[in-house]
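Structure first, commentary second.
The values are calculated or read from the model by the stated rules, or taken from the named source; none is laboratory data. Predicted model, so just to flag it, every value in this text is computed and none were measured. Reconstructed Cβ throughout: ideal geometry from the backbone, glycine too, with neighbour counts over all protein chains shown. In case anyone asks, the SASA skips ligands and DNA or RNA and just uses the protein heavy atoms, side chains included. Shrake-Rupley method; radii C 1.70, N 1.55, O 1.52, S 1.80 Å.
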Amino acid sequence: MTPIADIGSFNAAREAGMAKLQPAAPRIGVGMGTCGRGNGAEEVYRAFAEAIEAHGLDIRLAAVGCFGACSEEPLVNVWIPGQPLVILRHVHSADAARILADVHQGRIPPDLAWCKIEEWDHITARIRYGAGFPELPQWSEIPFFHGQKKIVLRNCGLISPDDIDEYIAVGGYQALYKVLIDSRPEMVIEQVKAAKLRGRGGAGYATGLKWEFLAKAKDPSKYIVCNADEGDPGAYMNRNEIESDPHSLLEGMIICGYVTGTQQAIVYVRAEYPLAVHRLTRAVEQAREYGILGPSVLGRGVKFDIELVEGAGAFVCGEETALIASLEGFSGRPRPRPPFPAQKGLDGKPTNINNVETWYNIAPIALKGPAWFTETGSARSAGTKVFSLVGKIRNTGLVEMPLGTPLKTFIYDIGGGGVGECSIKAVQTGGPSGGCIPLEMFDTPVDYETLAQLGSIMGSGGMVVMDENNCMVDIARYFIEFTHSESCGKCVPCRVGLDKALDVLNGFTKGAGNSAQLALLDELGRMIRDTSLCGLGQTAPNPVLTTLRHFRYEFDDHIIARRCRAGVCDSLALSPCENSCPLHMNIPRFLGLLKRGRLEDAFESVILDNPLPASTGRVCQHPCDMRCRRLTMDAAVNMRDVHRFIADSILLSDHFDAMVARVADRKLPPTGKKTAVAGAGPAGLTAAFYLALLGHDVTVFESKREAGGMLRYAIPEYRLPKHVLEREVELIRRMGVKFEFGMPVSSAISLHDLDEQFDAVFLSIGTWKESWVHLPGTELKNVIPALLFLEGVASGSVSQIGRRVAVIGGGNAAVDAARTALRMGADATIVYRRERKEMPAIKEEVDAAEHEGVKLQFLSAPHRIVGDPKGNVRALEIVKTRLGEYDLTGRRKPVPTAEVARVECDAVILAVGETIDLDFARGSGLTLRENGTFVVDRFTLETSRPKFYAGGDVITGASNVSNAMGYGKKAARRMDEALMGVKRFQRLSGGFDASEYEAEPATEIARQRPAELAPAMRVKSDAEVVVGLTRGQASAECGRCLRCDVRA
Amino acid sequence: MPQKRISIRIDGELVSTVEGKTILEAARDAGRRIPSLCHMDGLTDVGACRLCLVDLGGGGRLAPACTTPVQEGQAVITNSPRLLAYRRVILELLLTERNHICSVCVANGNCELQALASALGVTSVRFPYRYPNLPLDLSRDRFVLDQNRCILCTRCVRVCADVEGAHVWDVKGRGIYSRLISDLDQPWASAASCTDCGKCVQSCPTGALAEKGKAVEEMVKQTWQVTNAAERKRAVL
Ligand code: SF4
Ligand code: FES
């Protein structure tokens, strides 16, 4: 290589590069960053090389950098002369041969092709590849890329990082050349200032100002330093930038050197990045050979050289004074500022430190000017920023977005939303020293100021997405553990303060904590933030302070209820399934007992945890399935069907009386306290059962004629036969519970009376009013709310519903109504405005409905009900919707399109949700929320009126059976505590001998599914659809349990 | 070069001082005491203990008085409720970090940490004690190092390096595991660089470095051997 000394030799290098980038033959580029290599890119490269060699193909092979889409690695790009550049994804070495064969014939394997690039804006140049492959989407049409703007990453994944010619071919070193020829250094500094470029390492200090300081410093031996010591866990943008495009970094630094009159530069690069070190070393060598570094840069008489120093990778070296100490050979501990490095830095000389990414913006600014640069980004933060998007999100990878882009664009549009069915709840920005931003704030534009206002930081651009399976207390603990171990130890607040904070947080995750410690943690966090010496300590409390601010309730859960909803803090739960069960059933115990053939003991275990085990065994939403660890191996243990089996085997057998007596034996001695329960639904029955067991006198007031609430009146016979429910109610009655039917609270017995006659009252009257939709035509005959319909069917007052029925809604009531209509001989269609996966109904029930012949219309919003002059329903008109923007619940909003359709029908059932009966609520004199639900203390369930507790749908709004029961159980416990002044609840469930259900290795058999009636049979009657597990199946299922309750 | 006189406000009071001084010095000249611990006259400041933090207003960060130079027109607040609260937390943190059991300490009654705690009213701590299991270095003839009392102010490190020029002391490890070491983490007696001058002992604010043979309460530090004893005593209060 000869040094470039004039424009002629510069152009020659450029042409040489172009000939490599777009040769006369096809070119294949394999993405060989660390991420690609980790996914097998090296084997892919080798396979290509060997096949090309073996077949003597005229195809060029290049190792390029990373294109950013980490979840799609290994990525390969293919260019056939005259055609667009095509990106292939998930390429394996086994694919090499067929790719080559296709390319050789001018084709692209369609199964691997992801998108195409017809023209690429390298900012410093435009490269045209060609048009063609109409069937392939443009790269910018892929959601992951849509909206990205590649300024920093302009060359990444497209050129070979090891070849300076290719860099020059895409306009590299042109900005440097221009700056040298213009020879007006101050103007370049002005440009950088005007471009409002801010440091990309985190603090966001104006780069132009820093340069100005350096330019003004008279000392002839001053330094430029590039901080490439990326230390945030999960952040790898700097690594990727260097690995994919090292020359852009050099160019930025050389420009700075020239305009500030600095001759020596250092890149402090993390030693754990061997590939980056290797590529950077090569780039420096090549630049020296070309005379781009050295005594006379590009022959213009300017001296500049770059030295690489490998750092040991301490997080605290992100702090510039610590980095300088490390460069000087001292241990990496920060020093007080002033003096600032711009005055006294490395070896006491004026020093300017910029982060890797900052340097990548220099050449574009120098070439295209500040006006162009400020077109992108927000008012105070111009340009783009590279983020590493990781965590509980579908598409992970490096994304470069304009500053000021709202968080939700990152999460939902680029990231594609949550993984599986989990909902996202927060995003943590800025690495370990950033803060957690809750879902409600996803409208936040991502720029330096806004993030700071929310208590977070931009940092180096880490974005970790968290969903409901993340515990925010544990997240806070994790990050403090990290900064605690990275603290240099020099200043007291950070060294000792973080240790205390970690101590407190560790306690919280283990269930040892109290509210005083919570307040202390908050005070300590602020103190560490305000008093620490350097950025590490000043930002370390951010994760704690933001989670305390936005996720206070999770801390309260850990401290007051000693529960971790996410199931992460395992000292707070028996097992993941127990933790997720609203009734907190000891699932491993009853599985273990049944496995040993101890049916009666298993029943006792079940009934003490859950007084309606047969009903819940049929209709529960079974959240336990979602959390079962066995899910990661094959399928969750079928816990719901096992407890149904256990319950059915006793309740429906002649063991019933004996077992009832055994349970009744557990009753604590009479306390003489009188308690009342309003409403005999699932919550009320549950509370009554436990209050009776605890020795209290219990009276249940119910407005209807029979007990069961929704279980009896809303859930159809084919899902829950009435005789099953009746046995459960009978058991509860035999515990001594008195029922008063036809006694609606407030009209038949007033709250005042209850107050007078009882020592404690539990209100669980449920939600019995169907919400009404404002739809033209609802006044027509045969338009009926789902609850009214189902209740009418259950009580025998409704026996027909027309021939063709449209059901509006997507919840369990909608599905139940449609299937019931089917059994009455009608044709049923469910009309739902979102997609199937967003239906709140239990998935199995939706599937069953479909098998039986219920039609499902998604993305359809009711528009009006069309009637005839006689007032009969003729049709339901619907507007087709499409999924629009994500709303703040993380779901995409259905937006109406112009397309209108008709569902011919003669009856419409409205199943759009139930609400509380406001007349009762208002009359109660209790404090209500806006939606009519009662305000209660989250942990004690006390209402605003002494002695009165509330639970179930009246506090949550319409929910489901097991949630309601969970509240009933909790209320009984709290009422008992208040009445007796001691905690007695645990006494009810004692006496199980753990040796009777010792853990044994789990078996490998598949999940047992209960038999079902054939769909054709089902619709002919209201016989129960799901027959249940056989004894053999049930005990086999028990053997699948991994026994998470047993800890080493 | 004659030094330029400037005026600043400290807690509202106008104070005249000269350019180049730190806020801590200017305050002391004006008879105002800002609590400090890692600062020692005659040594380079490191701003490590954070006790001397003052508020320069404007909602900006708190600044350590020991390393922040005075500036014309500066308005310094040294005793806001927030600062007082933070200082107390710092002392609570130091007192619980290691084993500061005054009743059996040679420096009892002559300890800067103890004096500050009583001056700032720290009579109890809200954090659990760590009770680390730390060694004593009794290898040297005349002096002892008791890690249990060390607060990592690094005054010994600096006096040895800056004044004596011996560089015996350093800190190894990081975070809560930081430890004072002599030479390359060897027993003090085998630290060849040590000149036995004892400056470190006299500079240490607590009983971590002490003369052998001193019983409880007997170790009175002669800090004046390094700077001026009178200055030190007043600075502590
Ligand atoms: S804040 Fe932490 S890392 Fe920074 S100087 Fe203090 S102890 Fe060291
Ligand atoms: S005396 Fe200023 S920080 Fe310690």
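Quick notes on this structure:
- Across peptide A:383-389, the mean count of Cβ atoms from other chains lying within 10 Å of each residue's own Cβ comes to 0.
- Take every Cα pair under 8 Å whose residues are at least 6 apart in sequence, average their separation, divide by the length of the stretch A:144-240, and the relative contact order is 11 percent.
- Distance in nm between pseudo-label sites at residue A:927 and residue B:9 (7 Å out along the Cβ direction from Cα): 4.4
- Shape of the stretch A:7-144, Cα gyration tensor, a/c cut at 1.5: rounded
- In the calculated pair-distance distribution of the stretch B:85-222, the portion above 23 angstrom amounts to 32 percent of the Cα-Cα pairs.
- Spherically averaged projected area of the stretch B:5-79 from its Cα convex hull (nm²): 4.6
- Remark: the protein assembly as shown carries 38 Å² of accessible area per residue (probe radius 1.4 Å; ligands, DNA and RNA excluded).
- Cα point-scatterer Debye curve for the stretch A:449-558, base-10 log of I(q)/I(0) at q = 0.12 Å⁻¹: -0.38
- Global geometry of the stretch A:769-915, whether rounded, prolate or oblate, following the gyration tensor of its Cα atoms and the 1.5 cut on a/c: oblate
- With a Förster radius of 60 Å applied to the beta-carbon distance between residue A:296 and residue A:779, the computed FRET efficiency rounds to 0.10.
- Counting only protein heavy atoms and a probe of 1.4 Å, the accessible surface of the stretch A:931-1048 is 53% carbon and sulfur.
- Calculated on alpha-carbon atoms, Rg and Dmax of chain A in Å: 34.4, 104
- For a straight C-alpha distance cut-off of 22 angstrom, the lysines reachable from residue A:947 (same-chain residues fewer than eight places away being disregarded) are A:673, A:674, A:738, A:969, A:970, A:983.
- At least 20 Å² of accessible area lost relative to the chain alone, listed for the stretch A:514-556 with a 1.4 Å probe: A:520, A:523, A:524, A:527, A:530, A:531, A:533, A:538
- Computed extension gain for residue A:901 through residue A:1046, at 0.36 nm per residue and net of the alpha carbon distance, reaches 46.5 nm.
- Here, the stretch A:291-402 is characterised by an Rg to Rh ratio of 1.04, where Rg is the alpha-carbon radius of gyration and Rh the Kirkwood radius.
- Modelled spin labels at residue A:629 and residue B:130, positioned 7 Å past Cα toward Cβ, are 3.3 nm from each other.
- √(5λ) per eigenvalue of the Cα gyration tensor, the stretch A:597-691, largest first, Å: 28, 18, 12
- Taking a straight line from the alpha carbon of residue A:216, these lysines sit under 21 Å away, with near neighbours fewer than eight places off in the same chain left out: A:193, A:196, A:303, A:344, A:349.
- Under 5 Å, built H, 5+ apart or other chain: amide partners of residue A:914: A:771, A:958
- Evaluated over the stretch A:914-1048, the Cα radius of gyration and Dmax, each in Å: 21.9, 57
- Our coupling estimate for the stretch A:180-197, obtained by passing each phi through the Karplus curve with A = 6.51, B = -1.76, C = 1.60 and θ = phi - 60°, is 5, 6, 4, 6, 10, x, 4, 5, 5, 4, 4, 4, 5, 5, 5, 6, 6, 6 Hz, Gly and Pro reported as x.
- Heavy-atom accessible surface of the stretch A:611-739: percent carbon and sulfur, 1.4 Å: 53
- Equivalent-ellipsoid semi-axes of the stretch A:173-374, from the Cα gyration tensor, Å, largest first: 24, 19, 17
- Folded to 0 to 90 degrees: helix A:246-260 orientation relative to chain A principal axis, Cα: 60
- Of A:222/B:172; A:837/A:893; A:870/A:1020; A:490/B:172; A:781/A:843, pairs whose Cα-Cα distance is over 20 Å: A:222/B:172; A:870/A:1020; A:781/A:843
- Label point distance in nm, residue A:750-residue A:183, each placed 7 Å from Cα along Cα→Cβ: 10.0
- Förster-model FRET efficiency, 35 Å R0, residue A:289 and residue A:90, C-beta, rounded to 0.05: 0.40
- Entry note, chain A: the mean residue ellipticity at 222 nm calculated from DSSP H runs of n ≥ 4, each adding -39500 (n - 2.57), is -10500 deg cm²/dmol after division by the residues and rounding to the nearest 500.
- Computed E for residue A:986/residue A:556 - FRET, C-beta separation, R0 22 angstrom, nearest 0.05: 0.50
- Counting protein heavy atoms only, the stretch A:1-112 has 52 percent of its accessible area on carbon and sulfur, 1.4 angstrom probe.
- 0 to 90° range, to nearest 10: angle between helix A:599-609 axis and chain A longest Cα axis: 70
- For the peptide B:128-136, the mean number of other protein chain Cβ atoms found within 10 angstrom of a residue's Cβ is 1.
- Summed buried accessible area for A+B [probe radius 1.4 Å, Å², rounded to 100]: 2700
- Radius 14 Å from Cβ of residue A:124, net charge of other residues (Lys, Arg +1; Asp, Glu -1): +2
- Interface residues, the stretch A:485-503 - accessible area loss of 40 Å² or more versus chain alone, probe 1.4 Å: A:490, A:492, A:495, A:496, A:499, A:500
- Threshold 20 Å², the stretch B:176-199 residues less accessible with all protein chains present than alone (1.4 Å probe): B:176
- The angle between the Cα long axis of helix A:682-693 and the main principal axis of chain A comes to about 70°, on a 0 to 90 degree scale.
- Shape analysis of the stretch A:694-775 places it in the oblate category; the axes a ≥ b ≥ c from the Cα gyration tensor give an a/c of at least 1.5, with a/b not above b/c.
- Of A:922, A:239, the order by accessible heavy-atom surface (1.4 Å probe, DNA, RNA and ligands excluded), from most exposed downward, is A:922, A:239.
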